[in-house]
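Worksheet: the structure to be examined is printed underneath.
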Amino acid sequence: MGQRKKRHPRCAGCGVHVEKCLCKYMPVLDLPTRLVFVLHNRERHKPTNTGKLSHRMLKNSELVYYGARDVPLDTRPFVPESSYRVLYPRDDAEVFDAEVWKPALEHLTLVILDGTWHQCSRMSRRAPCIREFAYRSLDDIPPTRWGVRTPHREGLVCTIEAVIHVLSKLYGGQAISPMQAFFDRLCDQLHDMRGTVRPGSEPQA
């Protein structure tokens, strides 16, 4: 029986192999709009989770976990002074309209559910506070270029892609470009580690 291949240690910050750490390139954006990332507990230790990564790059953000046995959701980040919109295409979700919110960005809190499709669906229906908020969907987001994890169905994007898209709508692409540039660098590094080709970068026939 062959010896099991030893796993290569990864950086806890960016998720790539430690000797190729990209944390020094990671920007931190300070935007008026507050974000609260609600990660399913099973995503806590996954190096390819992009919700935790987004949180690290956004100064005005918080992160809480949901789904651990006998551990309730920490609802302290959800204060009554803010207007909440959950970015998840629940059946009752309306299309997110950035123009409606631009005049009141300092009072808007975006709630980002992060997990598998099934996990996020359960969170949207069962998590305290979150199940009562208004939901918004994104109808014009480009196809994913992540490709590191297989989506549940066609048309889904990873968390950081959704965050970059909605913040670009609110603040413009130039303001969010450092986050986009880091994500592109991360994608290239992870695919290089795996010997795979990033979606959208395949040579044209």
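None of the figures in this text is laboratory data; all of them are computed from the coordinates on show. In this text the structure is predicted, and so the values were computed from the model without any measurement. A quick note on method: Cβ atoms are made from the backbone with ideal geometry, for glycine too, and the neighbour counts reach across all protein chains shown.
Sticking with the crude label model, points 7 Å out along Cα→Cβ, report the distance from residue 149 to residue 99 in nm, one decimal please.
With each label point 7 Å from Cα toward Cβ, the separation is 3.5 nm.
Could you tell me the calculated FRET efficiency between residue 91 and residue 116, based on Cβ-Cβ distance and R0 = 22 angstrom, to the nearest 0.05?
For R0 = 22 Å, the calculated efficiency reads 0.75.
What residue among 15, 172, 67 shows peak mean-square fluctuation when the chain is described by a Gaussian network model with Cα springs under 10 Å?
Top of the fluctuation ranking is 172.
Taking the Cβ of each residue in 179, 26 as the centre, tally the other Cβ atoms inside 10 Å and list the residues starting with the fewest.
Details: 179 22, 26 17.
Ascending number of Cβ neighbours within 10 Å: 26, 179.
If neighbour count is taken as other Cβ atoms inside 10 Å, put 61, 82 in order from fewest to most. If you can, show how the numbers build up before the last one.
Numbers: 61 21, 82 14.
Fewest-to-most Cβ neighbours within 10 Å comes out as 82, 61.
Within a 10 angstrom radius of the beta carbon, how do 50, 109, 75 rank from fewest other beta carbons to most?
75, 109, 50
Name the cysteines of the chain that stand alone by the Cβ rule: no other cysteine Cβ under 4.7 angstrom.
Cysteines lacking a close Cβ partner in the chain: 14, 23, 120, 129, 158, 187.
As a check on your grasp of the helix formula, calculate [θ] at 222 nm for the chain: sum -39500 (n - 2.57) over DSSP H runs of n ≥ 4, divide by the residue count, round to the nearest 500. The partial results should precede the final answer.
On the way: 5 runs with 57 residues, N = 205.
The helix contribution divided over the chain gives -8500 deg cm²/dmol.
Need the full-extension length gain, residue 28 to residue 10, defined as separation in residues times 0.36 nm minus the C-alpha distance. One decimal, nm.
Working it through step by step, the gained length comes to 4.4 nm.
Within the range 80-114, which GluC sites (Glu not before Pro) sit in a loop by DSSP and count at most 16 neighbouring Cβ atoms inside 10 Å?
Answer by residue number: 81.
Looking at the chain, do any whole DSSP H helices span at least 20 angstrom along their long axis by alpha carbon and average 0.5 or above on Kyte-Doolittle, and which?
For the chain, where a helix must reach 20 Å along its axis and average at least 0.5, there are no hits.
Kirkwood hydrodynamic radius for the chain: how many Å is it when counted over pairs of different Cα atoms?
18.0 Å
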